[in-house]
1. Could you check segment 86-112 and list, in sequence order, the residues that are assigned to a helix (DSSP H, G or I), under 24 Å from K63 (Cβ atoms) and touching a residue at least 60 places away in the same chain (Cβ under 8 Å)?
2. Give the number of residues within segment 52-86 that are among the basic types (K, R) and farther than 12 Å from G128 by Cβ.
3. If only one of K80, K91, K95, K66 is assigned by TED's automatic domain parsing to the domain that holds I114 and either acidic (D, E) or in contact with a strand residue (DSSP E or B) (Cβ under 7 Å, 6 or more places away or on another chain) (or both), which one is it?
4. Quick one: would you say A27 is closer than 20 Å to A102 by Cβ, aliphatic (A, V, I, L, M) and within 19 Å of the chain's Cα centre (by Cα)?
5. Consider V19 against the criteria (1) touching a helix residue (DSSP H, G or I) at 6+ places or on another chain (Cβ under 8 Å); (2) of a type in the set (A, V, I, L, M); (3) in a helix (DSSP H, G or I): it satisfies all of them except one. Which criterion is unmet?
6. Got a number for residues in segment 113-136 being assigned to a helix (DSSP H, G or I) and under 10 Å from the mean Cα position of the chain (by Cα)?
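The values are calculated or read from the model by the stated rules, or taken from the named source; none is laboratory data. In this text the structure is predicted, and so the values were computed from the model without any measurement. Note: ideal-geometry Cβ built from the backbone for every residue, glycine included; neighbour counts use all protein chains shown.
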Amino acid sequence: MEQLMVFAGNHPLLSTVWVGLVVAILAISIMLKMSPIKQLSPQELTFLVNKESGVIVDIRPEKDFKVSRIIDSVHLPLEKANKNDFSSLEKHKDKPIIVVCAAGLTATKVANQIAKAGFSQVSLLKGGLNAWVGAGLPVTKK
């Protein structure tokens, strides 16, 4: 412990950055645990779709959606999502909704918007379509 204090005293900037990173990691972890939006693995997504009739909502650009997508996924253009236009999902309001983007980054914002719009069960695919493909799961090109 004494060595740690000596190091911190000799390198205050580096020590401050280190403490800041630890605090940021803890804050992000706590926010993810407390979030109503669950992050699902590809296997959990498959279970949710098969057992609870979950609906996969792909928010990638139309061009990417046409090239490859998860089988039976519904396309919701990001422009519509940004305008809170979820009319195409209204018939699925009581089913689990799983939001998918390319890498899992954009899906968080859209999943939160969908949940605020009154959808009861909203999740997202952790890692996006990249995680799905990386797990060796099938995509369709129709």
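1. T108, A111
2. Result for segment 52-86: 4.
3. Step by step, each of K80, K91, K95, K66 is checked, and only K95 is assigned by TED's automatic domain parsing to the domain that holds I114 and either acidic (D, E) or in contact with a strand residue (DSSP E or B) (Cβ under 7 Å, 6 or more places away or on another chain) (or both).
4. Against the criterion (closer than 20 Å to A102 by Cβ, aliphatic (A, V, I, L, M) and within 19 Å of the chain's Cα centre (by Cα)), A27 does not qualify.
5. (1)
6. Here the count works out to 1.
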